[in-house]
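Chemist: Before I ask anything, let me first share the structure, which is written out below as structure tokens.
The values are calculated or read from the model by the stated rules, or taken from the named source; none is laboratory data. All of these numbers come straight from a predicted model, not from anything done at the bench. Cβ coordinates were reconstructed from backbone atoms using ideal geometry, including for glycine residues, and neighbour counts include every protein chain displayed.
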Amino acid sequence: MMPHLHLLVPQAVRVRAPTPSSSCRLFSPIYSCWSNPRGQRKGKWQWRWRSGKVAFLRQISTVRLRRGELELEWACPRRQLMASATQSFGHVSASQENIVSLQGEKEILSDLMEPQEEDEKSNESKRKFLKLEQLNWDDSFVRELPGDSRTDGPPRQVLHACYTKVSPSAPVDNPQLVVWSNSVADLLNLDPKEFKRPDFPLVFSGASPLKGSVPYAQCYGGHQFGMWAGQLGDGRAITLGEVLNDRGERWELQLKGAGKTPYSRFADGLAVLRSSIREFLCSEAMDALGVPTTRALCLVTTGKDVMRDMFYDGNPKEEPGAIVCRVAQSFLRFGSYQIHALRGEEDVEIVRTLLDYTIRHHFPHLDLLSSADEDFSLRPEGLETSTIDLTSNKYAAWFCEVAERTAVLIAKWQGVGFTHGVMNTDNMSVLGLTIDYGPFGFLDAFDPKYTPNTTDLPGRRYCFANQPDVGMWNLAQLASTLSTANLINDEEAKYAMAKYGARFMDEYQSVMTKKLGLEKYNKDLISKLLTNMAIDKVDYTICFRALSNIKTTVDLPDDELLSPLKAVLLDSSKERKKAWIDWLRQYTHELASSRIPDEESLD
């Protein structure tokens with residue numbers, strides 16, 4: 001196991017780090033920490049770097065405060081942790097259980113975590129917001145990875161390359177800005193006033209190139225509905241490049257619907273306003289819901305119509321064309337690696353090259369593992385005779401983290417009732433983001449077999465209930481790719497897959513516990529709730545919202561107890577209402593025994 005760290009302070013705040021987990025990612029909306037020596041903020045608190053503690057703190061990747069318990073996660077072996085902790089804090093002791101204890105005073109915490117409200121205004125005032133021409137562009141993907149020797153656009157097979165340089169080519173006629181996101185502009189240090197520029201729609205329709213951008217379309221493959229589909233790639237998405245912000249973050253800007261690329265196959269490379277609005281709204285909504293996702297900077301109409309068969313019934317009609325600028329730290333997918341492993345020996349080495357690039361720019365903490373001077377072995381359940389050494393193989397550590405991020409993502413989908421609809425491996429982000437909003441949908445009447453994708457209706461492979469299993473299946477395909485490239489072995493793959501299952505259950509239980517305002521997970525209570533919802537086809541979101549009005553007072557009369565749910569149980573029989581009353585009594589007793597105040601349960 002990874003060593004647990006307990007910081008002993010007067011208020012009995014404990015600090016622990018059970019896994020070598022994610023680099024710059026946080027799962028709590030309240031407290032945060034980034035692996036960045038300049039100190040970054042989110043929520044109410046910030047993590048500060050202090051002289052004398054940097055050697056230790058640089059190893060920290062995540063910090064969160066949960067019910068008075070401060071939890072840290074880091075990525076370094078035990079000996080290295082103890083050495084740097086000793087240098088930073090003084091007295092360090094370790095038990096046989098690999099628990100490292102730091103003796104300190106309350107001031108240690110006050111040095112490390114401080115309210116940011118006073119500093120936030122001054123720091124925000126110091127931030128420099130830029131014009132479009134001043135954006136800090138980089139082209140690491142193009143510069144560091146093998147590319148296509150051709151730059152022409154006709155659909156074709158692109159071999160031995162991760163991308164093709166291609167310029168936006170969607171026809172435009174007086175493009176118009178429809179909607180934009182100020183919060184995404186902030187990620188890029190882009191001045192919101194730039195949205196008002198007359199030429200802004202021209203720039204983000206692709207008609208007016210941005211200085212510093214190096215546009216390209218990515219090459220990838222994928223399993224579609226369980227079958228290998230070969231080369232797919234960015235058929236109508238063109239990445240403009242990467243913008244580096246003043247927080248040291250890298251954000252890729254991509255125009256979806258910007259025209260044909262070598263990966264367009266038989267399509268026209270265009271998008272329509274209807275689907276573009278769906279992607280813009282949903283990606284921003286998912287971010288607000290706390291679900292990892294790509295973002296959207298803006299949406300412009302092209303002024304040209306596009307022929308589309310909306311209902312796939314043989315009656316195509318012209319619709320307004322549009323282009324959405326979506327933003328993510330990376331658009332790399334499982335299929336980005338698969339395509340090269342499945343093309344034979346000549347391309348398989350590209351898997352390693354691409355993965356080295358990925359770790360260098362998006363998982364830099366894993367390079368710390370590979371350079372550590374002590375072995376770090378894990379003995380996963382079910383593999384009694386062997387150990388998994390994550391410090392000697394950064395590729396295995398990477399796959400393990402991708403598995404965990406995927407688990408967290410899908411657990412959050414299940415929590416909000418989101419159904420992706422097309423969970424092909426080319427639509428699975430290695431950063432654990434919701435990517436490619438196509439025929440997605442949210443649960444209305446609760447139906448575990450719900451799928452928003454009409455193509456998926458016969459087998460319902462990608463229905464709501466199947467999403468966790470499909471995530472596992474997709475990870476198995478990625479594991480096969482890494483194995484083909486001799487980057488991981490079977491035991492490392494099995495360990496990562498086991499981590500996926502365990503992390504999904506942990507996250508799902510946490511999500512559902514919070515949705516019900518409970519202090520701890522109650523499997524029986526939640527199982528009965530979902531069963532009742534499925535039987536009565538209750539609206540998933542409205543039902544949970546109605547439950548927030550349940551009084552914690554026990555022994556209420558039946559009518560008063562059921563009153564908050566009357567709107568979602570209009571057509572229910574007396575027998576079914578009785579089942580709900582029985583469940584509500586169990587629920588109110590659970591709430592009454594919880595120590596969480598009502599106002600906190602509603603957060």
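Chemist: State which residue pairs qualify: first residue part of a strand (DSSP E or B) and inside the stretch 254-266, second residue among the basic types (Lys, Arg) and surrounded by fewer than 24 Cβ atoms within 10 Å (Cβ to Cβ) in any location, beta carbons under 8 Å apart, and separation of 6 or more residues or different chains.
Modeler: That search, which allows pairs on different chains as well, returns Lys256/Arg236; Ala258/Arg236.
Chemist: Tell me, yes or no, whether the stretch 444-451 has at least one residue that is of a type outside the set (Ser, Thr, Tyr), surrounded by fewer than 23 Cβ atoms within 10 Å (Cβ to Cβ) and within 19 Å of Arg295 (Cα to Cα).
Modeler: no
Chemist: Take the stretch 450-497 and flag every residue that is over 20 Å from the mean Cα position of the chain (by Cα) and of a type in the set (Ser, Thr, Tyr).
Modeler: Across the stretch 450-497, the qualifying residues are Tyr450, Thr451, Thr454, Thr455, Ser480, Thr481, Ser483, Thr484, Tyr495.
Chemist: Residues in the stretch 452-485 that are free of Cβ contacts under 8 Å to residues at least 12 places away in the same chain and touching a His at 6+ places or on another chain (Cβ under 8 Å): how many?
Modeler: Result for the stretch 452-485: 0.
Chemist: Here's a follow-up. Within the stretch 424-438, work out how many residues are in a loop (DSSP other than H, G, I, E, B) and over 14 Å from the mean Cα position of the chain (by Cα).
Modeler: Adding up the residues that qualify gives 2.
Chemist: Let me ask another. So which residues in the stretch 422-441 are surrounded by fewer than 23 Cβ atoms within 10 Å (Cβ to Cβ), touching a strand residue (DSSP E or B) at 6+ places or on another chain (Cβ under 7 Å) and small (Gly, Ala, Ser)?
Modeler: Gly441
Chemist: Same structure, new question: With touching a Ser or Thr at 6+ places or on another chain (Cβ under 6 Å) and buried (at least 24 other Cβ atoms within 10 Å of the Cβ) as the only criterion, which of Leu270, Leu202, Leu240 stands out?
Modeler: Leu240
Chemist: Can you find a residue in the stretch 450-461 that is touching a helix residue (DSSP H, G or I) at 6+ places or on another chain (Cβ under 8 Å) and either closer than 28 Å to Ile238 by Cβ or at pLDDT below 95 (or both)?
Modeler: no
For (1) of a type outside the set (A, V, I, L, M); (2) surrounded by fewer than 19 Cβ atoms within 10 Å (Cβ to Cβ); (3) outside any loop (DSSP other than H, G, I, E, B), each residue gets a yes or a no:
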{"residue": "Pro458", "(1), (2), (3)": "yes, yes, no"}
{"residue": "Met472", "(1), (2), (3)": "no, yes, yes"}
{"residue": "Leu478", "(1), (2), (3)": "no, no, yes"}
{"residue": "Leu482", "(1), (2), (3)": "no, no, yes"}
{"residue": "Ile488", "(1), (2), (3)": "no, no, no"}
{"residue": "Ala498", "(1), (2), (3)": "no, yes, yes"}
{"residue": "Met505", "(1), (2), (3)": "no, yes, yes"}
{"residue": "Leu518", "(1), (2), (3)": "no, no, no"}
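Chemist: For the stretch 522-551, what are the residues that are surrounded by fewer than 17 Cβ atoms within 10 Å (Cβ to Cβ) and either outside any helix (DSSP H, G or I) or on the phi > 0 side of the Ramachandran plot (or both)?
Modeler: Within the stretch 522-551, Lys537, Ser548, Asn549, Lys551 meet the criteria.
Chemist: Further question: What about Val100, is it surrounded by 17 or more Cβ atoms within 10 Å (Cβ to Cβ), at pLDDT 95 or above and either not small (Gly, Ala, Ser) or not assigned by the TED database to the domain that holds Gly206 (or both)?
Modeler: In short, no.
Chemist: Which ones in the stretch 167-200 are touching a strand residue (DSSP E or B) at 6+ places or on another chain (Cβ under 7 Å) and within 15 Å of Leu253 (Cβ to Cβ)?
Modeler: Pro168, Trp180, Ser181, Val184, Ala185, Leu187, Leu188, Asn189, Leu190, Phe195, Phe200, listed by residue number.
Chemist: Within the stretch 420-472, which residues are charged (D, E, K, R) and touching a Gly at 6+ places or on another chain (Cβ under 6 Å)?
Modeler: Hit for the stretch 420-472 is Asp426, nothing else.
Chemist: With a cut-off of at least 2 residues that are at pLDDT 95 or above and under 15 Å from Leu487 (Cβ atoms), name the helices (runs of 4 or more DSSP H) lying wholly within the stretch 323-423.
Modeler: The helices (runs of 4 or more DSSP H) meeting that bar are 334-341, 345-362, 394-416.
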